[in-house]
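The values are calculated or read from the model by the stated rules, or taken from the named source; none is laboratory data. A quick note: this is a predicted structure, and the numbers were derived from the prediction, not measured. Cβ placement follows ideal geometry from the backbone for every residue including glycine, while neighbour counts extend to all protein chains displayed. These accessible areas exclude ligands, DNA and RNA; they are computed on the full protein's heavy atoms, side chains included. Shrake-Rupley method; radii C 1.70, N 1.55, O 1.52, S 1.80 Å.
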Amino acid sequence: MTKTAVKAPFRADHVGSLLRPERIHQARKNFQEGTVSKEELHQIETEEIKRIVDKQIEVGLQAVTDGEFRRRFWHTDFQEHLNGVEGYVPETGFKFVGEETERYNVRVTGKVSFNPDHPHVKEFVEFKEIVGDRAIAKQTIPSPNQLFGKGILNPEVYPNLAEYAEDVIQTYRDAIKAFYDAGCRYLQLDDVYIAGLNVENFPTTEDGKDRQYFIDLALYVLNSVLEDKPEDLTITTHLCRGNYRSKWAFEGSYAKIAPTLFAKEKVDGFFLEYDDDRSGGFEPLDYIPNGGPRVVLGVFTSKHGELENKENIKARVEEASKYVPFNQLCISPQCGFASTHHGNLLTEEEQWNKLKYIVDVAKEIWGE
């Protein structure tokens with residue numbers, strides 16, 4: 001039988017995370033206080049995942065997620081369950097515009113490898129059963145490049161960056177195989193690290209490594225991970241400038257990474273932030289090969305509930321089509337609605353209204 005790849009990203013898609021309902025917040029609090037068991041917490045999360053899967057299908061999305069309902073943070077929950085990585089509470093959180101994040105991060109403590117008992121894989125199996133054949137079950141995990149963030153690498157364990165890169169590559173090859181074997185056919189790699197490579201005053205390291213060195217390394221890591229990707233597995237990447245309680249961390253266009261990463265990444269699609277002026281123009285999209293990856297324009301914001309002007313959205317898609325063929329474009333929010341358990345500053349009703357609106361606008365634009 002010929003394998004058929006999922007035709008994703010879809011014209012109307014979404015990044016992944018959804019606002020956690022109060023029921024989950026309360027259950028987590030009760031679990032921390034010892035008044036509910038781990039099994040009871042899991043059951044409550046499962047019931048809420050069933051509810052939001054139904055809701056995603058109801059608003060017309062072809063790909064649905066578990067909303068990241070079992071996670072506290074979009075990245076650390078995955079990373080800290082890898083071998084050789086641990087979660088910890090640092091002295092400070094990350095600096096966002098107008099806010100410091102909750103203090104939590106990961107660090108390398110030993111040789112990094114994939115944990116075959118990783119809970120996210122088991123959770124995906126359960127999630128996929130909930131979705132059934134009603135939609136495509138989409139899984140999100142942090143990009144391998146997220147493990148190159150400041151303060152994560154332990155030079156005593158890895159004095160050589162190249163050796164670390166090879167271990168990260170193998171870790172993610174094993175992770176992708178595990179998700180594939182579990183039935184995943186649509187996997188998204190979320191990446192804030194690359195946004196940091198766009199900042200204006202990128203520092204050169206003491207040993208002379210500059211911005212382009214780290215851009216080239218990021219491309220090498222990702223393409224090496226994707227080298228043996230099954231043909232019927234769609235893998236996309238989401239390039240994010242930070243999303244925490246409706247705040248952001250970086251600004252600037254994709255111009256500095258586009259000649260390398262947009263031109264040469266072997267992904268099936270890019271989810272890109274284009275919800276406001278801090279994202280820059282569409283010109284860097286000119287580096288994306290014609291007939292290559294789909295480009296999901298994040299021209300809707302997940303940071304507030306007000307619906308965007310439909311005609312403005314159509315005009316922006318038309319503008320982007322000057323650089324990427326119209327048939328290669330899709331639309332979505334610029335990021336998830338709750339990259340962390342705190343969530344963005346909008347209501348659940350506004351979240352669903354926005355997702356339905358995206359589906360409706362996409363139908364008007366592409367007629368599909």
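Please work out which one of (1) open to solvent by 40 Å² or more (accessible area, probe 1.4 Å); (2) of a type outside the set (D, E); (3) in a loop (DSSP other than H, G, I, E, B); (4) in contact (Cβ under 8 Å) with a residue 60 or more places away in the chain is the condition K363 fails and give its number.
(3)
Specify which of the listed residues (T76, T35) is of a type in the set (S, T, N, Q) and under 17 Å from the mean Cα position of the chain (by Cα).
Only one candidate passes the filter, namely T76.
Would you please list the contacts, defined by Cβ atoms under 7 Å and residues six or more apart or on different chains, that run from a residue in the stretch 208-234 that is open to solvent by 40 Å² or more (accessible area, probe 1.4 Å) to a residue that is β-branched (V, I, T)?
D210/T204; D216/T260; K229/I176; K229/I235
Among the numbered criteria (1) under 19 Å from the mean Cα position of the chain (by Cα); (2) open to solvent by 10 Å² or more (accessible area, probe 1.4 Å); (3) among the hydroxyl-bearing types (S, T, Y), which single criterion is violated by T204?
With (1) under 19 Å from the mean Cα position of the chain (by Cα); (2) open to solvent by 10 Å² or more (accessible area, probe 1.4 Å); (3) among the hydroxyl-bearing types (S, T, Y) applied to T204, the lone miss is (1).
Return the only residue of T140, T76 being open to solvent by less than 40 Å² (accessible area, probe 1.4 Å), at negative phi, modelled with pLDDT under 95 and in contact with a strand residue (DSSP E or B) (Cβ under 8 Å, 6 or more places away or on another chain).
Working: T140 fails: modelled with pLDDT under 95.
Checking each option against the conditions leaves just T76.
For the stretch 300-309, which residues satisfy the criterion of being under 19 Å from the mean Cα position of the chain (by Cα) and at pLDDT 95 or above?
Matches in the stretch 300-309: F300 only.
Of everything in the stretch 319-358, what is within 18 Å of the chain's Cα centre (by Cα), assigned to a helix (DSSP H, G or I) and within 22 Å of V295 (Cβ to Cβ)? Give them in sequence order.
L355
To keep it simple, each residue is scored yes or no on (1) within 26 Å of E231 (Cα to Cα); (2) open to solvent by 60 Å² or more (accessible area, probe 1.4 Å); (3) basic (K, R); (4) part of a helix (DSSP H, G or I).
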site: G84; (1), (2), (3), (4): no, no, no, no
site: R107; (1), (2), (3), (4): no, yes, yes, no
site: H120; (1), (2), (3), (4): yes, no, no, yes
site: N145; (1), (2), (3), (4): yes, no, no, yes
site: Y164; (1), (2), (3), (4): no, no, no, yes
site: A175; (1), (2), (3), (4): yes, no, no, yes
site: D190; (1), (2), (3), (4): yes, no, no, no
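When the stretch 268-292 is examined, which residues are found to be open to solvent by 10 Å² or more (accessible area, probe 1.4 Å) and in a loop (DSSP other than H, G, I, E, B)?
D268, D275, D276, G280, G281, P289, N290, G291, G292
Just wondering, is there one or more residues in the stretch 59-69 that are under 23 Å from I176 (Cβ atoms), modelled with pLDDT under 95 and outside any loop (DSSP other than H, G, I, E, B)?
Checked the stretch 59-69: no residue is under 23 Å from I176 (Cβ atoms), modelled with pLDDT under 95 and outside any loop (DSSP other than H, G, I, E, B).
Would you pick out the residues in the stretch 310-361 that are of a type in the set (G, A, S) and at pLDDT 95 or above?
Filtering the stretch 310-361 for residues of a type in the set (G, A, S) gives 315, 320-321, 332, 336, 338-339, 343.
Hits for the stretch 310-361 are A315, A320, S321, S332.
With E206, E251 as the choices, which residue is closer than 29 Å to T347 by Cα, among the charged types (D, E, K, R) and either part of a helix (DSSP H, G or I) or at pLDDT below 95 (or both)?
Testing whether each residue is closer than 29 Å to T347 by Cα, among the charged types (D, E, K, R) and either part of a helix (DSSP H, G or I) or at pLDDT below 95 (or both) leaves just E251.
Please work out which residue is farthest from C335 (Cα to Cα), limiting yourself to the stretch 16-66 and to residues that are open to solvent by 20 Å² or more (accessible area, probe 1.4 Å) and hydroxyl-bearing (S, T, Y).
T35
State whether the residues of the stretch 299-312 include one that is aromatic (F, W, Y) and under 23 Å from G67 (Cα atoms).
Among the residues of the stretch 299-312, at least one is aromatic (F, W, Y) and under 23 Å from G67 (Cα atoms), which makes the answer yes.
Of all residues in the stretch 302-315, which are closer than 20 Å to E283 by Cα and buried (at least 18 other Cβ atoms within 10 Å of the Cβ)?
Of everything in the stretch 302-315, just one residue is closer than 20 Å to E283 by Cα and buried (at least 18 other Cβ atoms within 10 Å of the Cβ), namely I313.
Consider the stretch 309-330. How many of its residues are over 19 Å from P9 (Cα atoms) and in contact (Cβ under 8 Å) with a residue 24 or more places away in the chain? Give the derivation first.
Narrowing the stretch 309-330 to residues over 19 Å from P9 (Cα atoms): 309-312, 315, 319, 322.
With in contact (Cβ under 8 Å) with a residue 24 or more places away in the chain added as a condition, the list becomes 310, 319, 322.
Counting residues in the stretch 309-330 that are over 19 Å from P9 (Cα atoms) and in contact (Cβ under 8 Å) with a residue 24 or more places away in the chain gives 3.
Name the residues in the stretch 177-188 that are in a helix (DSSP H, G or I) and either farther than 29 Å from A137 by Cβ or small (G, A, S) (or both), would you?
Result: A178, single match.
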